[in-house]
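The values are calculated or read from the model by the stated rules, or taken from the named source; none is laboratory data. Just so you know, these numbers come straight off a predicted model, no measurement behind them. All Cβ positions, glycine included, derive from the backbone under ideal geometry; neighbour counts span all protein chains shown.
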C-alpha cells in the first residue's frame, strides 16, 4: 500500500512524502527559474525501513529536468539523459536505488504506464502528445494553439508547459513582460471554482508586480495602440488592454479568422482597378453580407452595427471634439467592415466603445456621465468586468438593438455590487465564462503602472 502526502503552495507542492512498505521518501521544492514558473526540486530524502534518512541533492539541466542526484559529499548516485520529448535514455550510473520518480521537466514519472503527470494532464513522451484534450480554448491569432493534444508547440527544446495548460517560452523570466499568444497558466476560466473571486468593490491600483502574468499580455505593438487610444478617449489603458485581451482569449475562434480573410479578399477583389473578376468579387461580397449582415471583423470583433452606434454617439454628444469622431455611421456595411479589418482602426473603435460604456457605467438614472474616466484609482475590478461583459453581450439602451442583453441599463449602473452580485444581475448563458474568465486579465493589467 502506498500513501502520498503533500504540502502545497497554491497549486504547487513544496513538500511531498511517499510511504510504502515501511519506506519513506520526501521531496522538497523551492525557488523559480526562467525555464519553470513552478517550484524546482531541491532535495530528496530517503528513509529505508528502520534506517536513518539519507539526503540526495537534485541537479537540474537547463530545461528543468533532473540530470542527476548526489549525496551530501558529492558522490553521484543517479544520472539521467532524455530525448527532446522526455523519454529517459540509458545513462551511466545507478538511478533506481533509491527509487526517484521525478525526471523530465521535474515531473512525476509512472514507469508502469510510461507517462508523466503534469498536474492537469498526462503526457506520453514516446508519442510526444497529451492523452487528453487541451481544456482551454485556442487562440485564433496563434495557429500553434489549434493542436489540442500537441506538447510545447512540437518544439520542446524551446518551449515548456508547466501544467498542461499553456506554453511558456524559456526567455520569459519572472518580472518580465512576455507574449506567446497562449493562455496564462492560471486562467482556468471554464472551472469558475478555480478562479479567485475578489471581495466586493475591491479597488485595484497599480503596483508594478508582473511575476504572475507571464503570457497574459498583448503584443508590444498592440499595447502601444491601446495606450494611444485609451489616452485619446480618456479611459485607463489597463482597462482597455484587459478588455481587448479578454475578447481575444474568450470570444475569438478560428471562424472569426476565416471571416476576416473572406471579407478582406472579397473587398479588395471588388475594388481593385482593372481586375477582370471584380464583378464576381462584388457579387460574392454582397452574398456574404446578405448571409452575415452584421459581421464582427478585426481583433476586437467589433460588429458593424456596434461601430455605427458608437460613431453616432460621438457625433451627438462629443461633436465639439473632432479628434474623437469615427465618422462610420454614414458609411456602407462593406466599407465599415473593411475599415475594421485594420488593427489600428479596430482598436480605436474598441477604445471609443469602451469610453461610451464607461460613460453609462459611471452615470445614473439611465443617463451617461460625459466626462473622462482616465483615473484608474476610481475604478474597481467590478467596473471593468461589467464593461467587458457589456461589450460582449450588450447593454440595454446603449448597444444596438438585440434579442437580449447582458445587462439592463439599471443593472449596468449598479456600481456597489461585488463579482457575485454582478453575476446575479447579468443575463445570458455566457456570463460566468465571460466575467470569471476575464478576472486574471484585468488583474494582471491593473497591477501595472506603465
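Key figures for this structure:
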{"quantity": "Selection from segment 399-412 of residues that are crowded, with 22+ Cβ neighbours inside 10 Å and either in contact (Cβ under 8 Å) with a residue 40 or more places away in the chain or not assigned by TED's automatic domain parsing to the domain that holds residue 367 (or both)", "calculated": "399, 412"}
{"quantity": "Verdict on residue 62 being under 32 Å from the mean Cα position of the chain (by Cα) and either assigned to a loop (DSSP other than H, G, I, E, B) or within 19 Å of residue 44 (Cβ to Cβ) (or both)", "calculated": "yes"}
{"quantity": "Helices (runs of 4 or more DSSP H) lying entirely in segment 275-368 (those with 1 or more residues that are over 32 Å from the mean Cα position of the chain (by Cα) and touching a residue at least 24 places away in the same chain (Cβ under 8 Å))", "calculated": "278-291, 304-317"}
{"quantity": "Matching residues in segment 236-251 - criterion: being assigned to a loop (DSSP other than H, G, I, E, B) and under 18 Å from residue 429 (Cβ atoms)", "calculated": "251"}
{"quantity": "Qualifying residue in segment 413-430 (condition: within 21 Å of residue 300 (Cα to Cα), in the same structural domain as residue 308 (by TED's automatic domain parsing) and either crowded, with 23+ Cβ neighbours inside 10 Å or in contact with a strand residue (DSSP E or B) (Cβ under 8 Å, 6 or more places away or on another chain) (or both))", "calculated": "no"}
{"quantity": "Among residues of segment 62-81, those that are modelled with pLDDT under 85 and within 11 Å of residue 104 (Cα to Cα), counted", "calculated": "2"}
{"quantity": "Restricting segment 119-136 to residues that are buried (at least 19 other Cβ atoms within 10 Å of the Cβ) and in contact with a helix residue (DSSP H, G or I) (Cβ under 9 Å, 6 or more places away or on another chain), the residue that is farthest from residue 248 (Cα to Cα)", "calculated": "125"}
{"quantity": "Top-ranked residue in segment 144-160 [being touching a helix residue (DSSP H, G or I) at 6+ places or on another chain (Cβ under 9 Å) and surrounded by fewer than 17 Cβ atoms within 10 Å (Cβ to Cβ); ranked as nearest to residue 62 (Cα to Cα)]", "calculated": "158"}
{"quantity": "Criterion (buried (at least 16 other Cβ atoms within 10 Å of the Cβ), touching a strand residue (DSSP E or B) at 6+ places or on another chain (Cβ under 6 Å) and not in a loop (DSSP other than H, G, I, E, B)) met by exactly one of 437, 390", "calculated": "390"}
